[in-house]
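Colleague: One structure, pasted below without further comment.
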Amino acid sequence: MLDRAKNRGTPAFFRDAVGEEYLFYSGTSKNPEDTEVSVAPSLVRLKLVRSAGAHPYLRVDGRAMDVVWQNPGPPVISSDGGKDAIVWVLDENAARSAILTGPRAPQPVLYAIDAKTLNVLWKSGSGFLQASGKYNSPTIADGTVYVGTDRIVAFGIGGSNEEPAIPRSQSPAVDFAAAPPPTESKSVGPPEVNGKAVLQRACVQCHEIGVATRTRYTEAGWRRMVDTMVERGAVLSEPEIADVIAYLTKYYGKTDVNKATAAQIEKGLGLTEQEARAIVSYREQNGDIKSMKQLKSVPGVSPEKIQAKVAAVAFHE
Ligand code: HEC
């Protein structure tokens with residue numbers, strides 16, 4: 001029942017530079033076949049039509065058709081003296097019945113919509129904003145958009161301040177399909193298979209998989225990272241932790257050429273057993289290897305093979 005709710009927000013009024021008056025209204029239109037399913041438009045523009053001798057009335061003047069919100073708050077409009085207006089909406093990004101605490105708490109998303117075309121100009125990255133109340137909305141002052149969730153985040157419009165500045169176009173969505181394909185052999189053993197399933201279940205509750213896999217880490221680095229995520233609220237059993245670390249180390253791993261065993265170097269960097277041993281004996285004689293250049297100069301090691309694996313090389317944990 002709860003998830004059939006269509007709107008709990010208030011419309012926003014906007015008068016443009018030439019004096020035209022509009023209302024912007026956000027909500028969740030529902031599929032008539034199944035009234036719990038949200039469909040576009042989630043934002044409409046109404047024009048206040050005033051004609052001499054008649055009462056003013058509102059006419060639907062535009063619909064945002066390229067976005068479906070799950071539970072948006074009221075729109076807020078920014079403009080440059082009535083020009084280049086942007087409609088800002090914070091979508092709770094979950095059904096109305098969603099619980100706002102715990103690891104599955106909704107992750108709201110802030111949208112910037114072109115007031116004229118009603119196209120999405122930009123949206124905040126998945127998992128960027130913390131859990132928020134329902135029907136929350138941003139506040140805007142002097143070109144800065146403030147969003148108060150469990151912490152306050154300020155977004156600068158085209159400013160030169162530090163991140164996150166709002167990019168001109170929507171940032172590309174990173175998802176698992178876009179993640180680099182496995183570079184190792186195709187045969188996947190059970191820990192990797194389990195680990196992938198764990199990643200797809202437990203690591204997407206707060207952010208996209210792309211956030212988890214955007215940087216490579218050594219096995220120790222992944223262990224620390226997964227520990228951090230568990231502290232943050234990721235729900236994982238001990239065997240699941242081991243599996244996900246094994247998977248991430250295999251496909252998104254780095255090899256610490258100063259600590260790894262010859263067997264690990266061989267596997268991690270795709271070298272021959274002989275080449276891996278050459279690296280180990282080199283570091284035993286010369287101390288830690290400090291740079292790619294030095295690594296490539298190790299006698300008996302193919303610099304081309306090292307270059308091919310540059311992203312997977314680490315000089316410390
Ligand atoms: C309870 C919420 C939550 C869960 C579940 C979760 N993460 Fe995260 N993770 C975060 C937050 C918050 C950030 C920081 C926001 C960001 O970088 O987008 C983050 C960021 C990351 C980063 C980027 C860190 C960096 O500095 O670049 C990695 C890697 C990561 N998570 C891995 C994982 C893995 C692997 C799992 C599953 C085992 C996981 N996360 C599950 C909350 C979570």
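Colleague: Give the shape of the range 1-44 as rounded, prolate or oblate, defined through the alpha-carbon gyration tensor: a ≥ b ≥ c are the square roots of its eigenvalues, a/c under 1.5 means rounded, and otherwise the shape is prolate if a/b is larger than b/c and oblate if not.
Modeller: Values: a/c = 5.89, a/b = 2.71, b/c = 2.18.
Prolate, since a/c reaches 1.5 and a/b exceeds b/c.
Colleague: Amide H of Asn136 versus every other amide H placed in the peptide plane: which residues, excluding those fewer than 5 positions away on the same chain, fall under 5 Å?
Modeller: For Asn136, whose amide H was placed from the backbone, the distant partners under 5 Å are Gly73.
Colleague: Counting alpha carbon pairs within less than 8 Å and at least 6 residues apart, what relative contact order, in whole percent, applies to the range 256-314?
Modeller: Values: 59 pairs, mean separation 22.5, N = 59.
Taking the mean separation of contacting Cα pairs over the length of the range 256-314, I get 38 percent.
Colleague: Same structure, new question: Relative contact order (percent) for the range 2-156, with alpha-carbon contacts under 8 angstrom and 6 or more residues of separation? Present the calculation step by step, with values, prior to reporting the outcome.
Modeller: On the way: 383 pairs, mean separation 27.2, N = 155.
Once divided by the residue count of the range 2-156, the mean separation gives 18 percent.
Colleague: By DSSP, what percent of the beta bridges with both residues in the chain are antiparallel, rounded to the nearest 5?
Modeller: Values: 40 of 44 bridges.
Approximately 90 percent, going by the DSSP bridge assignments.
Colleague: Output the relative contact order of the chain, whole-number percent, from Cα pairs under 8 angstrom with separation of 6+ residues. Walk me through the intermediate numbers first.
Modeller: On the way: 603 pairs, mean separation 31.5, N = 317.
Once normalised by length, the contact order is 10 percent.
Colleague: In sequence order, what are the phi-derived ³J(HN,Hα) couplings for the range 287-299 according to the Karplus relation 6.51 cos²θ - 1.76 cosθ + 1.60 with θ = phi - 60°, rounded to whole Hz, with x for glycine and proline?
Modeller: Ordered by residue, 3J(HN,Hα) equals x, 4, 7, 10, 8, 4, 4, 5, 4, 5, 8, 5, x Hz.
Colleague: Set the bar at 22 Å for Cα to Cα. Now go through Lys123/Lys254; Lys47/Lys134; Lys6/Lys83; Lys259/Lys309; Lys250/Lys293; Lys196/Lys290 and name every pair that lies beyond it.
Modeller: Values: Lys123/Lys254 32 Å; Lys47/Lys134 27 Å; Lys6/Lys83 30 Å; Lys259/Lys309 17 Å; Lys250/Lys293 25 Å; Lys196/Lys290 33 Å.
Too far apart for the 22 Å limit: Lys123/Lys254; Lys47/Lys134; Lys6/Lys83; Lys250/Lys293; Lys196/Lys290.
Colleague: When the Karplus curve 6.51 cos²θ - 1.76 cosθ + 1.60 is applied with θ = phi - 60°, which whole-Hz ³J(HN,Hα) does each residue of the range 24-33 get, with x for Gly and Pro?
Modeller: Working through the residues one at a time gives 10, 9, 10, x, 10, 4, 10, 5, x, 6 Hz.
Colleague: So, in Å, what gap is there between the alpha-carbon centers of the range 209-275 and the range 13-60?
Modeller: 51
Colleague: If you don't mind, another one. Please arrange Tyr252, Tyr146 by how many other C-beta atoms lie within 10 Å of their C-beta, fewest to most. Before the final figure, lay out each step's value.
Modeller: Details: Tyr252 21, Tyr146 12.
With the fewest neighbours first, Tyr252, Tyr146 line up as Tyr146, Tyr252.
Colleague: With a cut-off of 16 Å, note down the residues of the range 86-106 whose backbone N falls inside the zone around a label point 7 Å from the Cα of Arg232 toward its beta carbon.
Modeller: Under 16 Å, as judged by backbone N against the label point of Arg232, lie 102-106 of the range 86-106.
Colleague: Can you run phi through the Karplus equation (6.51, -1.76, 1.60; θ = phi - 60°) for the range 220-228 and list ³J(HN,Hα) in whole Hz, with x for Gly and Pro?
Modeller: 5, x, 5, 4, 5, 5, 5, 4, 4
Colleague: Which shape class, rounded, prolate or oblate, goes with the chain when its Cα gyration tensor gives a ≥ b ≥ c as root eigenvalues, a/c under 1.5 marks rounded, and past that a/b bigger than b/c marks prolate?
Modeller: On the way: a/c = 3.30, a/b = 2.32, b/c = 1.42.
Taking the square roots of the gyration eigenvalues as a ≥ b ≥ c, the chain is prolate.
Colleague: Under 5 Å between amide hydrogens, which residues at least 5 positions from Val37 or on another chain qualify, with H placed 1.01 Å from N in the peptide plane?
Modeller: Residues meeting the amide H criterion: Asn31.
The numbers here are math on the coordinates, done by the rules we state, and not lab data. Everything numeric in this text was worked out from a predicted model, so none of it was measured. Neighbour counts run over all protein chains shown; Cβ positions are idealised from the backbone, glycine included.
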